[in-house]
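Read-outs: derived from the displayed coordinates by stated rules, not from any lab. Predicted model, so just to flag it, every value in this text is computed and none were measured. All Cβ positions, glycine included, derive from the backbone under ideal geometry; neighbour counts span all protein chains shown.
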């Protein structure tokens, strides 16, 4: 018993020493992500840090749960409320479940915005979309269609059935399908944003639909797993994997030909813009109301619609010609 | 009265074992106090009644289930379907809410669905004699599967404002409804396990089910009741969690089963059955809540947090055994 208590007290004192030094004047902005250890969000953090440096009086708290669960995110947000941070910018695991907790945060004077994956209107001041959903939905279908002049069978590999983002994008993609007459969507499967499950679901697709010409994975985890599964099945050239991914993770697959092209907005810009917006709203020099324009530093301004949502920029296509330049960035 | 002890048990094992069990709660309590002090030193925000109240939500729902799970594990069974029962209960409540059911019906349906799920598990395990771990791994997929069929990628939102009382309401000052429920249930389960003959039969079954049967205990009935109890507690947790989130999705409470089992084992309940106590589980719930909240205040990444909880579990479990080996 003594040993354990002693060990714990030592650990406690150590942590106490490490966390010394309070910041009196700096604004503390928490960047809450869906889960830690995801390349996309690490890149967003990089952008947030860049914004903090530019603004000077900002400290970024980069945090999130281990799994992409709403319950985990609520625990994280509760601890941020307890620390009385100035602003919370969250990419939500669940549109609705976070609302009561975020309302509590706003009641206690914290500026709350959502970015990337949004929160229901009553749980935040504004939502920053990386791009507009209709543009993304169109882009992911176009990416597949560009390499299929004669049309063919296409399948979706999504994240979880409850992922806000992916569901909206696929709904938008479905809307534009009539504009691409040859493209025939045969299936939608869910890899839960887990590499192994996405890999197995892709194997299933390849076996079930031997005529499959393209797999559209609008998730950075799914697209890598799908490209790997296609490579392992020896189907490079037959099946083109496309969708949304990170240049650093996709560089190898673009070079091997498993993926001819894919798209993504720049997560660095997204983290940067979210931080800028949270800063201005928290300072009171901008107001989140329909029609308002809020400055995002080097990214220009964002205009809010009637739901106080705004789009940052257009998605950007990466292929063999530019992948090397970007794969070292994020 | 006294069950006949098998004669090959040597005398010298009895007393250190008993002492070790007696000191288990003391050990955990020391850990809890150490963590509490460590947190107060490490973060200026820790010793705030409202913050501590917010932090209690990290464990109250899981602890409700952990009490029933502790009794089930002491009796030598386990229920891994509890998180999926929450999902199904929440879905049933959501369907009723969409149909315009009043709050008391929602609560009744939540608890009732939990009871039925528990009965289903109990029937397969106690009634048909199937191993509980296999049965509940099966029902884990089954119950949540039904939720996914009903909801797909949708969600039920718009619960009546009265319903939010269970997960967001306060009884008095900072004491939330969930915290009050947690305290009341701790006392009730403590009395049930440690103060009634039913509680004694649970231990008897866990130590030696065959001997218990020959002593006139209706073993399968007790096991069935324990599954019912676990089901109802999962139903109650579903009411609280749904009320707190204000919405239902089929992915609700994902992974809760392992955290509940961790809580029970950390509380000193023997995973093979036969020993353990409710006070131990209560303290373990507090320890887990304090650790996650304290580390959260320091913005320790969740990955590091799980490592620390894992090490804590292994440490607390291994320490008494090492201690015993030393003394031999």
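Among A:71, A:172, rank each residue by its count of other Cβ atoms within 10 Å, from fewest to most, as a rough exposure measure.
Final ranking by Cβ density, sparse to dense: A:172, A:71.
Dividing the convex hull volume of the alpha carbon atoms of the range A:30-101 by its residue count, what do you get in Å³ per residue?
It is 80 Å³ per residue.
Find the all-direction average of the projected area of the Cα convex hull for chain A, expressing the result in square nanometres with one decimal place.
Mean shadow area of the hull around the Cα atoms is 19.4 nm².
Taking only Cα atoms and a 10 Å spring cutoff, compute GNM fluctuations for chain A and point out the largest among A:68, A:242, A:275.
A:68
With everything on Cα atoms, drop me the angle between helix A:220-232 and the longest principal axis of chain A, reported from 0 to 90° to the nearest 10.
40 degrees
Quick one: Cα convex hull volume of the range A:63-178, Å³ per residue?
For the range A:63-178, the hull spanned by Cα atoms encloses 109 Å³ per residue.
Using only the alpha-carbon atoms, how far is helix A:267-283 inclined from the longest principal axis of chain A? Give it as 0 to 90 degrees, nearest 10.
Approximately 30 degrees, to the nearest ten.
For the range A:275-330, what does the convex hull of the Cα positions come to per residue, in cubic angstrom?
Cα convex hull per residue, to the nearest whole number: 102 Å³.
If r is the Cβ-Cβ distance from residue A:108 to residue A:188 and R0 is 56 Å, what FRET efficiency results, to the nearest 0.05?
0.85
Do you know the relative contact order of the range B:15-323, to the nearest whole percent, from alpha carbon pairs under 8 angstrom that are 6+ apart?
The normalised contact order for the range B:15-323 reaches 35 percent.
Compute the whole-percent fraction of alpha carbon pairs in the protein assembly as shown spaced more than 49 Å apart.
Taking all Cα-Cα pairs of the protein assembly as shown, the fraction more than 49 Å apart is 18 percent.
With a ≥ b ≥ c the root eigenvalues of the C-alpha gyration tensor of the range A:133-264, is it rounded (a/c under 1.5), prolate (a/b larger than b/c) or oblate?
rounded
Can you list the residues of the range B:120-149 with backbone N under 15 Å from a point 7 Å past the Cα of residue B:213, pointing along Cα to Cβ?
B:125-132
Just to confirm the number: angle between the C-alpha axis of helix A:70-82 and the first principal axis of chain A, 0 to 90 degrees, nearest 10?
30 degrees
Kindly identify the range B:153-230 as rounded, prolate or oblate by the Cα gyration tensor criterion: order the square roots of the eigenvalues as a ≥ b ≥ c, call it rounded if a/c is under 1.5, otherwise compare a/b with b/c, prolate if a/b is larger, else oblate.
Oblate is the answer for the range B:153-230, as a/c is 1.5 or above yet b/c matches or exceeds a/b.
Testing the spin-label approximation: label points 7 Å from Cα along Cα→Cβ at residue B:221 and residue B:141. State their distance in nm.
The modelled label-to-label distance comes out at 3.5 nm.
What's the average, rounded to a whole number, of partner chain beta-carbon atoms within 10 Å of each residue's beta-carbon in A:224-233?
That average works out to 0.
Counting partner chain Cβ atoms within 10 Å of every residue's Cβ in A:74-87, what's the average?
6
Counting only the backbone N, which residues of the range A:120-163 are under 13 Å from the spot 7 Å out from the Cα of residue A:256 toward its beta-carbon?
It comes to no residues whatsoever.
How big is the shadow of the Cα convex hull of chain B, averaged over all directions, in nm²?
One quarter of the hull surface, i.e. the mean projection, equals 18.2 nm².
For the protein assembly as shown, give the share of DSSP beta bridges that are antiparallel, in percent and rounded to the nearest 5; count only bridges with both residues there.
Antiparallel bridges: around 25 percent, rounded to the nearest 5.
For every helix of n ≥ 4 consecutive DSSP H residues, a contribution of -39,500 (n - 2.57) applies; sum these over the protein assembly as shown, divide by its total residues, and give [θ] at 222 nm rounded to the nearest 500 deg cm²/dmol.
Theoretical 222 nm ellipticity from helices: -19000 deg cm²/dmol.
For the range A:84-128, take the alpha-carbon Rg, divide it by the Kirkwood Rh, and send me Rg/Rh.
0.91
Shielding by partners for B:295-306, please: the mean number of other protein chain Cβ atoms within 10 Å of each residue's Cβ.
That works out to 6 on average.
What is the order of B:214, B:46, B:67, A:316, fewest Cβ neighbours within 10 Å to most?
B:214, A:316, B:46, B:67
Starting with the fewest neighbours, write out A:330, B:227 ranked by other beta-carbon atoms found within 10 Å of each beta-carbon.
So the ranking, lowest neighbour count to highest, is A:330, B:227.
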